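Remarks on the structure that follows.
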Amino acid sequence: MVSMDLQTMTCSLSVAITGLKNSQGQVRFSLFNSAEGFPGSGEQAIAKGSASAADAPPIFTFENLQPGQYAAAVFHDVNGDGILNRGLMGIPREGFGFSNNPKILMGAPSFKRAAINVDSGCLEICIQLKYF
C-alpha cells in the first residue's frame, strides 16, 4: 500500500482569459486561499502574475500550490498602472473577472462564490472578463 503525503503533493492552476475588449496593456492575476483580502487586496493574495493582453488568449499558471480551495481575481490593466481603475461610485472602468465566473450583482462576489478546488495535478479554468 502506497500512501501519499498531501503536504508534499503540489498542484498548478492555469487561468485563461476570454472577453478582452482590446489587446492593449496587461491582464493581472491574483490568487487567494481565504476570504481575507479577496478580491481587492492584492497585498493579501498568495500569488500574483500578469500576461500580455495581446496573447491569444492571455494565460497565467500558478505553480506549486498545496491542494485546497482557491479563488482567482483578474483585471485588464489597459493603461499599465497596476490597479483596477474605477469611475464614479467605484464602478470599474477596466475589465475584470473571477474564478467560477459568478454573476456580478452589487459589488464583488464572496470568496465562497468564486472558490474552486485544486486537488491534484494541473487544473485549467477560463475566466470571462466583464466590462461596465
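Just so you know, all these numbers are worked out from the coordinates, no wet-lab data involved. What you are looking at is a predicted structure, and each value in this text was computed from that prediction instead of being measured. No Cβ is skipped: glycine too gets one built from the backbone with ideal geometry, and neighbour counts run over all protein chains shown.
A few comments on the model shown:
- Global geometry of segment 42-90, whether rounded, prolate or oblate, following the gyration tensor of its Cα atoms and the 1.5 cut on a/c: oblate
- Where GluC sites (Glu not before Pro) fall in DSSP loop in segment 1-108, at most 10 other Cβ within 10 Å: 36
- For residue 21, the aspartates and glutamates whose Cα falls under 17 Å of its own Cα, not counting residues fewer than eight places away in the same chain, are 55, 77, 94.
- Each of the peptides 50-57, 28-35 was scored by the mean count of other Cβ atoms within 10 Å over its residues; in descending order, highest first, they stand as 28-35, 50-57.
- Calculated from the structure at hand, Rg and Dmax of the Cα atoms in Å is found among [x] 13.5, 48; [y] 15.1, 61; [z] 14.2, 47 as [y].
- The residues packed around residue 76, meaning those with a beta-carbon under 13 Å from its beta-carbon, carry a net charge of 0 if Lys and Arg are +1 and Asp and Glu are -1.
- Assuming charge only on the beta carbon of Lys and Arg (+1) and of Asp and Glu (-1), the dipole of the chain about its Cα centre is about 560 debye to the nearest 20.
- In the chain, the DSSP beta bridges split such that about 75 percent are antiparallel, to the nearest 5.
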